[in-house]
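See structure below.
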There are 2 protein chains.
Amino acid sequence: MSGKKQNLPRYRQVYEILRKHIINGVYREGDMLPSENDLCQTNGITRPTVRLALDQLVKDGFIKKQQGKGSIVCAQPKGIGILSVAGTTTAIGKENLKTKILEGPVIRKWDDPFIFPLSDVEKESGCIYMERVRLVNNKPLFYDITFLPNINLPRFTSRTFENRSLFDILRRSYQIKVIGGEQRLKAIPAKGKICQHLDVKEGDPVLHLERKINTNRIDFNFYSTLFCNTTEHDLFGIF
Amino acid sequence: MSGKKQNLPRYRQVYEILRKHIINGVYREGDMLPSENDLCQTNGITRPTVRLALDQLVKDGFIKKQQGKGSIVCAQPKGIGILSVAGTTTAIGKENLKTKILEGPVIRKWDDPFIFPLSDVEKESGCIYMERVRLVNNKPLFYDITFLPNINLPRFTSRTFENRSLFDILRRSYQIKVIGGEQRLKAIPAKGKICQHLDVKEGDPVLHLERKINTNRIDFNFYSTLFCNTTEHDLFGIF
DNA sequence: TAACTTTACTTGTAAATACAAGTTATATTG
DNA sequence: CAATATAACTTGTATTTACAAGTAAAGTTA
């Protein structure tokens, strides 16, 4: 719980450690995590702090808690966990994932009408637009159109996004942290660019997600339209 | 905070009150909720307890909190909020909603292979099966196939579900409370019964959800396969 | 009057304590 | 040895206290 780089809140640090342990197989499905009191002792923190970490693990689906018994590790979800998380890199995992830039990032006007209501500031500043395809095992999974408000993102358009996570870049270069969002979703027949980029036939069913992604920067949200070919991969989420 | 029926934890009671206020328009989008300290005073509880209630409102998308500023009411989401909640009645709202029973509830064997892994106990006990159509404004929105483990649900098959919420019945008659779950989702072409029950053409894109719904009863989950016609209604969720 | 500083207020993090409710292990009794 | 009771352990709820960090209002100074 020390070191310059580790300036996360303590509960967050414990959460990250436990999460990594679960992801790395140290704790497997059905295993009990150490008790809250044990975690207090091993981490030198008090129980309310431990509970914050555990509650976040519950919220993210890694564990289930049962009064009197303990915290049980859940099965690792299958499928693409895009419904519960913001980023496609997180949802897919970095292995097997490729990103191809189709267009952008370029500064341009917002689509009109746009998929979500825009503030006057957003409207005035225009957006940074880019189109990407995300491929898993070299097959297109997502056709992803991203719209970022052109507000305080210096030199954004000169950055490279090939095989890189947009969220990582936002966090490291601009201190913008994604904190959640909302989405709408429907099934539509593929047509036009969607057929081309997802390698599906005209009329094939694809998923269409429209997302508004919230960040820690006040009044800075960004937007994403995703088309997803679910032939080989379900989308997954918890609620 | 008193009365026999109100045996919810205090943080839960405050959550319910505030949520109702937001839903009923007492607080509107952009309004600030009372500060944490104000809520402590008006409700006679301490701040950690208030914070639990507010954190749940954040989690459910009703408010956003900003350090130093307060808790701001979010816009009420549009669309069918099925992606973030367990029940279709909650997702749709009770107005304009009709439920038609197509089949069941009947006791029968689980589908094999089944959409989620089953425990030995579940396999052995078989399932209670029913098919429903949920209609909004008299148009079919969901074709809902539900599988409940045939475990400790006395007289379940003699109950009526026409225009009634399954979750309500489980809670009131069996003290089974839904506490969340997981879902998988894809876009598929409609065929067979789906065309018939959702009133769509062969090959039209529909959403296919497979859900495992967790309850407060230990080792008692139930399952649902939903087909959704998203022509007129998006599905909505927060993450 | 504008700019700066201070104060008051708000949410975020954390510790310490206490009691309740549920589960499991151990001890006791028949 | 089986059944029951008790103790130990685990998570759930709640209070109290303290400090940190951010926002907005009020006060002071130039």
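Local charge sum around B:Asn214 (other residues, Cβ-Cβ under 13 Å, Lys/Arg +1, Asp/Glu -1)?
Once positives and negatives cancel, what remains is +4.
Can you list residues whose amide H is under 5 Å from B:Tyr27's amide H, if they're 5+ apart or on another chain and H is modeled 1.01 Å from N?
Amide H to amide H, under 5 Å and 5 or more residues apart or across chains, B:Tyr27 pairs with B:Ile22.
For chain A, what does the helix formula give at 222 nm: sum of -39500 (n - 2.57) over DSSP H segments with n ≥ 4, over the residue count, nearest 500 deg cm²/dmol?
-7000 deg cm²/dmol, from helical runs alone.
In sequence order, what are the phi-derived ³J(HN,Hα) couplings for the range A:221-232 according to the Karplus relation 6.51 cos²θ - 1.76 cosθ + 1.60 with θ = phi - 60°, rounded to whole Hz, with x for glycine and proline?
10, 10, 9, 8, 10, 10, 10, 10, 8, 9, 4, 9
Compute a Gaussian network model of chain B, connecting alpha carbons closer than 10 Å, and tell me which residue from B:Asn137, B:Asn216, B:Asn24 fluctuates the most.
B:Asn24
Using modelled amide H (1.01 Å from N, peptide plane; none on Pro or chain starts), what sits under 5 Å from the amide H of A:His233, excluding residues fewer than 5 places away?
Amide H to amide H, under 5 Å and 5 or more residues apart or across chains, A:His233 pairs with nothing.
At a probe size of 1.4 Å, how large is the accessible area of B:His233, to the nearest 10 Å²?
50 Å²
Could you pull out the pairs from A:Lys123/A:Lys201; A:Lys201/B:Lys193; B:Lys191/B:Lys212; B:Lys123/B:Lys193; A:Lys64/A:Lys193; A:Lys123/B:Lys212 whose alpha carbons sit more than 32 Å apart here?
Over 32 Å Cα-Cα: A:Lys123/A:Lys201; A:Lys64/A:Lys193; A:Lys123/B:Lys212.
Could you work out how far the C-alpha centroid of the range B:15-81 sits from that of the range A:12-39, in angstrom?
Their Cα centres are 31 Å away from one another.
Of B:His197, B:Gly180, B:Ile72, which is farthest along the charge dipole of chain B in the positive direction, counting Lys and Arg as +1 and Asp and Glu as -1 at C-beta?
Value computed over the given set: B:Ile72.
Nearest 20 debye, what's the magnitude of the dipole of the protein assembly as shown about its Cα centre given +1 on Lys and Arg Cβ and -1 on Asp and Glu Cβ?
In debye, rounded to 20, the protein assembly as shown gives about 1080.
Suppose you put the label 7 Å out from Cα in the Cβ direction; list, shortest first and in nm with one decimal, how far B:Lys123 is from each other copy's label.
6.1
Hey, for A:Val58 with labels 7 Å out along Cα-Cβ, what do the inter-copy distances come to in nm, ordered shortest first?
1.6
Report the residue, chosen from B:Gln66, B:Gln76, B:Gln56, that carries the largest GNM mean-square fluctuation when chain B is represented by alpha-carbon nodes joined by springs under 10 Å.
Greatest mean-square fluctuation among the candidates belongs to B:Gln66.
Tell me the Kirkwood radius of the range B:107-205: reciprocal of the mean inverse pair distance over distinct alpha-carbon atoms, in Å.
Taking every pair of different Cα atoms in the range B:107-205, averaging 1/r and inverting gives 15.6 Å.
What percentages, rounded to whole numbers, describe P(r) for chain B computed over all alpha carbon pairs with 10 Å bin width beginning at zero?
Binned Cα distances yield the sequence 7, 27, 31, 23, 11, 2.
List, shortest first and in nm to one decimal, how far the label point of B:Lys139 (7 Å from Cα along Cα→Cβ) is from its counterparts in the other copies.
Copy-to-copy label distances at B:Lys139, shortest first: 3.3 nm.
Reachable aspartates and glutamates from A:Lys139, Cα under 18 Å, same-chain residues fewer than 8 places away excluded?
A:Glu95, A:Glu131, A:Glu162, A:Asp199, A:Glu202, A:Asp204, A:Glu232, A:Asp234
Using the Karplus curve 6.51 cos²θ - 1.76 cosθ + 1.60 with θ = phi - 60°, work out ³J(HN,Hα) for each residue of the range A:112-129 in order, rounded to whole Hz, and write x for Gly and Pro.
Running phi through 6.51 cos²θ - 1.76 cosθ + 1.60 with θ = phi - 60° gives 9, x, 9, 5, 10, x, 10, 6, 4, 4, 4, 4, 5, 7, x, 10, 9, 10 Hz.
For the range B:156-173, in order, what is each residue's ³J(HN,Hα) by Karplus, 6.51 cos²θ - 1.76 cosθ + 1.60 with θ = phi - 60°, in whole Hz (x at glycine and Pro)?
5, 6, 9, 8, 9, 10, 4, 6, 10, 8, 4, 5, 4, 5, 4, 6, 6, 9
Rounded to the nearest 20 Debye, what is the dipole magnitude of chain A about its Cα centre when Lys and Arg each give +1 and Asp and Glu each give -1 at the C-beta?
Computed charge dipole of chain A: roughly 680 debye.
Compute the long axis of helix B:10-23 from its Cα atoms, compare it with the longest principal axis of the Cα atoms of chain B, and write down the angle in degrees, 0 to 90, nearest 10.
That works out to roughly 80 degrees.
Which one, B:Pro140, B:Pro117, B:Pro205, has the greatest fluctuation when you compute a Gaussian network model over chain B with C-alpha springs under 10 angstrom?
Checking each option, the largest mean-square fluctuation is seen for B:Pro117.
Using only Cα atoms, find the angle between the long axis of helix A:47-59 and the longest principal axis of chain A, and express it within 0 to 90 degrees, rounded to the nearest 10.
Roughly 40 degrees, rounded to the nearest 10.
For a quick check: with amide H placed at 1.01 Å from N, whose amide H comes under 5 Å from A:Gly181's, ignoring anything fewer than 5 positions away on the same chain?
A:Asn214, B:Phe239
Can you pull out the buried accessible area for chains A and B, both sides counted, probe 1.4 Å, rounded to the nearest 100 Å²?
Adding both sides of the contact gives about 2900 Å².
The values are calculated or read from the model by the stated rules, or taken from the named source; none is laboratory data. Computed from a predicted structure; not experimentally measured. All Cβ positions, even for glycine, are placed from backbone atoms using ideal geometry, and neighbour counts span all protein chains on display. When the accessible area is computed, the model is the full protein with side chains, heavy atoms only, and any ligands, DNA or RNA have been set aside. Shrake-Rupley method; radii C 1.70, N 1.55, O 1.52, S 1.80 Å.
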